[in-house]
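Peer 1: I'd like to ask some things about the structure below.
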Amino acid sequence: MYSNVDFIQKGVKVSQRYIALGEDVQPGFSLKEAVYREDKLVLYHFKPQDRTPLSAPILIVYALVNRPYIADLEAGRSFIDNLLKLGLDIYLIDWGYPSRGDRWLTLDDYINGYLNNCVDIVCNRHNLDRLNVLGICQGGTFSLCYAALYPHKVNTLITMAAPVDFHRQEGLLNIWGGAASGQQAIDVDLLVEVFGNVPGSFLSATFLMLKPFQLGVQKYVDLLELIDHDDKLLTFFRMEKWISDSPDQAGEAFRQFIKDFYQGNKLIQGTVELGGKTVNLKNISMPVLNIYAEQDHLVPPASSLALGQYISSEDYTVCNFPVGHIGLYVSSKVQSNLPPTIAEWIQARP
């Protein structure tokens, strides 16, 4: 245990190290270039590490919440870099930071608009009719909707920690969303009416309260042991930057996601409507790789595993890892196994 003096002294040293490390704290590792922009969205292409990529490109679709650089955090903890090393060609959608002018964007705008445009851009750049789509977390849910609406444009579909059945009671986030209890725990209409765009700080605080002691106290106590280890400090600071870097959420899109997915559980019921089209998961007949984290407190494994019940694909593979939600992207142990698993799976399905 630390005395009050020791605790304060170590805290001061941590602050000094943060200042001294300066720009090195900035996350993001792999070389990339912007190949398409639309409103706040930027589509990035990562510099291939093989002149002849081994398969059709992969388009990574991340969640609207937080920033996608968690998948490319730093050397040794970069999911994207490890895929590049295996000869894969990677594109990534960065949704950007919505402003007040984006208040009325809907899920239709994001999926039938932005996401579909990015798919077309990548396909046109490579003279292809379809590509591989990899959706992470909420981006996995978006990718499922997209694959159901545009199956002819998706060669293979990979979902990582993607919520599918939002009424699984294992997840506290589901309960707060009002799904598990069958009641409206969150008045999302009032939330959007008051804020317009839902503040990223509000969502960050919500995620923190899922594990208040571990995320709000214990990790900072543990931090004091890292003072003399700059490499570990840098990882911690980069993670903290990512955790606090939560974009605001476009009000209408947030409202629809909470109501249709968390509260209505419409994805598995086949009643989600986007742009006048109904999302039917049975339309997903392409090969699917469903990856989940065994210790995920944000997306319960049961929520992801439900996918197999609702798609029609005869080529369906499930893969799991003994980590939490974020561990899928940053755990050094997982990074030695997950990217090869994805690469081998894709290469077996040209």
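Peer 1: For the residue pair His152 and Arg100, what label-to-label distance in nm results when each label sits 7 Å from Cα along the Cα-to-beta-carbon direction?
Peer 2: Between His152 and Arg100, the label points sit 4.3 nm apart.
Peer 1: Further question: Taking a 22 Å limit on the Cα-Cα distance, which of the listed pairs Lys32/Lys241; Lys32/Lys85; Lys47/Lys232 fall beyond it?
Peer 2: Lys47/Lys232
Peer 1: Does a label point 7 Å from the Cα of Ala205, set along Cα-to-beta-carbon, have any residues of the range 86-106 with amide nitrogen under 12 Å, and which are they?
Peer 2: none
Peer 1: How far is it, in nm, from the label point at Leu31 to the one at Lys47 when both lie 7 Å from their Cα along the line to the Cβ?
Peer 2: Label-label distance for Leu31 and Lys47, simple model: 0.1 nm.
Quick note: the coordinates plus some simple rules give every number you see, no bench work behind them. Remember, it's a predicted structure, so these values are computed and weren't measured experimentally. As a convention, Cβ positions derive from the backbone with ideal geometry for all residues, glycine included, and neighbour counts pool all protein chains shown.
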